[in-house]
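The values are calculated or read from the model by the stated rules, or taken from the named source; none is laboratory data. If you're wondering where the values come from, they're calculated on a predicted model, not measured in any experiment. A quick note on method: Cβ atoms are made from the backbone with ideal geometry, for glycine too, and the neighbour counts reach across all protein chains shown.
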Amino acid sequence: MLKNKIAFKLTAAFVIIVLISMMAIGIFFIQMFRQYAFDSREKTMLASARSISVAVAEYIQSMDLNSPNGINGMNGQMRGFGGYMRSLDTLTESKVWITDKKGNLSLMSGMGSGMGMGQGKGKGMGQGSLTNSVPLPEEAENVIQEVLSGKESISESFSSVYNEATITVGVPIVDSNQATIGSVLLHSPVIGVTETLNRAVRILLISLLAALLLAVGLGIFYSLLFTRPLHAMNRTALEIMKGNYSARTGVKRTDELGQLGNSLDLLANELGSTINELFQEKGKLKDIISSISEGIIAFDTRLKPVSANYSISEIMNRPSPYLPEDIEMDLNHLEIEAQLKNVMKRKMSTKLLKDWAGKKLMFTFSPILDNNGKITGSVALVQDISESMRLEQLRRDFVANVSHEFRTPLTVIRGSIEALVDGTVGKSEEIKRYYQRMLSETRGLERLVGDLLELSRLQSGKITMNREKLHIPSLLSDVIKGLQTIAGKKGIEINYLSKQDVPPFLGDYDRLRQLFVIFIDNAIKYSPCDTKVTVETTLLELNTLSVIIRDQGYGIEADELTHIWDRFYKVDKSRKGKGTGLGLAIAKHLIELHDGRVSMQSELEKGTVIEIKLPLIVNGSKEHFANFEKKR
């Protein structure tokens, strides 16, 4: 609204100030002018009255009227003075009264030459003055008596006589002996002075109106001049609020408004730079949070999820985008609200382990505090520690297995040594048997340590490969011949089905022989007597050789197949013979070093099938198995 506009307020204030100032000056001026007009009129009348008094006194003296009758005796001789009295109205602009020393009216201007002194006495006018005797007010009588006492007087006591505001000036008439012989009274209506004052007031009002209009015009002009930069700054502030940090006020002034406009322009520039930097930092932070493998969920003070990164959907096995309402629903199933409340209350971080969809999830809750230490929300870091827990369990199992594998032979060796030291064994044949037992256990320990070192080198990539062109069917034939004796002891028949027209393979002979020995030896070791072990080579598409080893052993349960390649892992039901549990892990690493892949299928009481796929050399260049997997 208009009354809320600063331009209107400034104009109104300017006009009010001018109006009050002009009114104060006008009132003061009118009072001063009125006082001056009355004082001037009174001085003029007083001077005229004095002149008349002197003239009357001289006239009386020249007429030798100082008879015993006084001024009353000049009734006939004063007629010559009547012509002078008639002109006094015009000259003095006043009514002139002349009284004797008793206060009786002797002459009055405007009477005519036939008028003489009346007989009225006391508080009245003689018949020569007025047609009828008019009684004087007490105040007027007091004025006459004051003048007759020899004093000059200025009064408004005769206003009631003339029925209008009248100024009366009284001057005594004195003779040569300074004796009062009468008085001169001049009566002048105030209307003349009032008209002058009214004209002055009209001029003042016109001047006031003109000044008021000028004040309004100047007020509007200067108000707009003052508020125009403010409007520009307001528009700039609104643009900045909308995000337009390139907006500028355009104010080019050197006063405080110009400084304010320049400050606002500088603020917009700095704010734009700061916001741009914040957006860049926010983008970087968002990229960092998005790239973190752990899930991050932000909560408000009402414990409601407000945002999350991309990893949380993968951790929670949910499709992306993972909306806050879906997150809240899943977290309600995990029952973490009490933990969040505790974090918000104690302002301390805490951890919570939860099971979700077969995973172990570690929630780390932390409060979000502002600069004043007030909680503005909380954040949860969600980690899938299933793999780390599995690896930790494997580490513990590894330590336990190594300890167990070392304990058995060391116990045997210690027992044998104690028996020899105590002398409980005396015969040379028994002593030799004890030595052979210790030697056998020592060799077992040596193999165990060797396998551990071999597996460690394979896993760390520190093993050296002596690659050369090899014919896999021929290599398998040599391995099978070397294992025929072991198979024959259990009545196991090894069937070898192979095609000889197979392209060469680029690999390490000793390492390939080692891995084939491990697989075929396990097939023989964990198969019942009088069964068959079949080894078959097949040339697949994309120049890949498939080696299949099939036995008729005890088989392995499906849930144990995923762990069969772990170190020291043994299937209790089928692994009754000796072994470290490292062979399959070593064989798998050897296959991967040759760019190969291995898979295992097993069925209880029916046997196990192992398939090894190796890339072959074609036209002088090696086809990598990774390329094969991509095209397959």
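A few comments on the model shown:
- Check on I375, closer than 30 Å to S290 by Cβ and in contact (Cβ under 8 Å) with a residue 12 or more places away in the chain: yes
So that you can scan it fast, the table gives a plain yes or no per residue for (1) assigned by TED's automatic domain parsing to the domain that holds I167; (2) among the acidic types (D, E); (3) modelled with pLDDT of 70 or more; (4) outside any helix (DSSP H, G or I):
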{"residue": "I30", "(1), (2), (3), (4)": "no, no, yes, no"}
{"residue": "S48", "(1), (2), (3), (4)": "yes, no, yes, no"}
{"residue": "M78", "(1), (2), (3), (4)": "yes, no, no, no"}
{"residue": "S106", "(1), (2), (3), (4)": "yes, no, yes, yes"}
{"residue": "S113", "(1), (2), (3), (4)": "yes, no, no, yes"}
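Residues are listed down the side, and each one gets a yes or a no for (1) surrounded by 13 or more Cβ atoms within 10 Å (Cβ to Cβ); (2) out of contact with any Ser or Thr (no Cβ under 9 Å at 6 or more places or on another chain); (3) farther than 30 Å from P321 by Cα:
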site: S223; (1), (2), (3): yes, no, yes
site: K252; (1), (2), (3): no, yes, yes
site: L264; (1), (2), (3): yes, no, yes
site: E281; (1), (2), (3): no, yes, no
site: S291; (1), (2), (3): no, no, no
site: I296; (1), (2), (3): yes, no, no
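- Qualifying residues in region 539-561 (those that are more than 19 Å from E493 (Cβ to Cβ), polar (S, T, N, Q) and surrounded by 15 or more Cβ atoms within 10 Å (Cβ to Cβ)) - the one modelled with the highest pLDDT: T544
- Region 241-269 - residue that is part of a loop (DSSP other than H, G, I, E, B), closer than 24 Å to L225 by Cα and not polar (S, T, N, Q) and, of those, nearest to the chain's Cα centre (by Cα): A247
- Of the strands (runs of 3 or more DSSP E) lying entirely inside region 151-202, those carrying at least 2 residues that are without any contact (Cβ under 8 Å) to a residue 60 or more places away in the chain are 153-155, 166-174.
- Residue match in region 375-397 (condition: part of a strand (DSSP E or B), surrounded by 14 or more Cβ atoms within 10 Å (Cβ to Cβ) and of a type in the set (D, E, K, R)): yes
- Enumeration of residues in region 298-322 that are loosely packed, with under 14 Cβ neighbours inside 10 Å and more than 24 Å from the chain's Cα centre (by Cα): N317, P319, S320, P321
- Here S602 clears all of (1) modelled with pLDDT of 85 or more; (2) among the hydroxyl-bearing types (S, T, Y); (3) within 15 Å of L542 (Cβ to Cβ) except the condition numbered (3).
- Listed by position, the strands (runs of 3 or more DSSP E) inside region 270-369 whose residues that are closer than 23 Å to S388 by Cα number at least 1 are 295-299, 350-356, 359-369.
- For region 563-581, the criterion of being within 27 Å of I486 (Cα to Cα), surrounded by 19 or more Cβ atoms within 10 Å (Cβ to Cβ), in contact with a helix residue (DSSP H, G or I) (Cβ under 9 Å, 6 or more places away or on another chain) and at pLDDT 85 or above is met by no residue.
- Subset of region 469-526 that is within 20 Å of E454 (Cβ to Cβ) and polar (S, T, N, Q) - its residue that is surrounded by the fewest Cβ atoms within 10 Å (Cβ to Cβ): Q514
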